[in-house]
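A short reminder: the numbers here are calculations on the coordinates, not readings from a lab. Everything numeric in this text was worked out from a predicted model, so none of it was measured. No Cβ is skipped: glycine too gets one built from the backbone with ideal geometry, and neighbour counts run over all protein chains shown.
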There are 2 protein chains.
Amino acid sequence: MCEANVYLMDEDGKESLLLEMVDKVKPEKGRIVLENIFGQQKIVKAKIKEMALVEHKILLEKVLPKSKSKANE
Amino acid sequence: MCEANVYLMDEDGKESLLLEMVDKVKPEKGRIVLENIFGQQKIVKAKIKEMALVEHKILLEKVLPKSKSKANE
């Protein structure tokens with residue numbers, strides 16, 4: 001199986017595990033919809049920072065409400 | 001190994017294979033930087049539409065220069 005563990009990076013650059021064994025990842029209007037192989041869903045206000053699939057790792061970065069200046073990214 | 005195949009969807013909704021055996025995916029200022037397990041790199045003006053890791057599939061969507069109205073996504 002080729003699911004990944006999803007980590008969320010906060011404003012201080014600290015990473016914490018958000019959801020394990022994630023199969024589906026879908027960005028949607030500034031949020032990321034995650035679903036793992038057990039059918040658990042999580043929706044977070046974040047964007048994808050980087051993914052390393054061979055390491056089974058997806059890193060998300062929190063989207064701050066005030067960061068409109070980054071809207072073009 | 002848990003790499004994925006990356007497909008690019010064009011304006012007509014047609015999907016074509018962009019890069020196989022992708023390990024690293026990194027969004028960067030409206031572009032996506034891809035790197036596969038052979039060290040091949042590709043950079044495309046696109047955004048991630050959805051990922052289904054168990055199916056080894058990542059779908060990107062072309063970013064059109066005029067689509068500034070979608071900048072908040």
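Looking across region B:43-52 at every residue that is of a type in the set (D, E, K, R) and in contact (Cβ under 8 Å) with a residue 12 or more places away in the chain, the one that is farthest from the other protein chains (Cβ to nearest Cβ) is identified as B:Lys45. The single condition among (1) within 12 Å of chain B (Cβ to nearest Cβ); (2) under 9 Å from the mean Cα position of the chain (by Cα); (3) buried (at least 19 other Cβ atoms within 10 Å of the Cβ) that A:Val33 does not meet is (3).
Among the residues of region B:31-42, the one identified as in a loop (DSSP other than H, G, I, E, B) and either free of Cβ contacts under 8 Å to residues at least 12 places away in the same chain or charged (D, E, K, R) (or both) is B:Gly39. Scanning region B:43-57 for residues that are farther than 14 Å from B:Asp10 by Cα, among the hydrophobic types (A, V, I, L, M, F, W, C) and in a strand (DSSP E or B) turns up B:Ile43, B:Met51, B:Ala52. Once region B:1-30 is narrowed to residues that are part of a strand (DSSP E or B) and closer than 15 Å to A:Glu55 by Cα, the residue that is farthest from the other protein chains (Cβ to nearest Cβ) is B:Met21.
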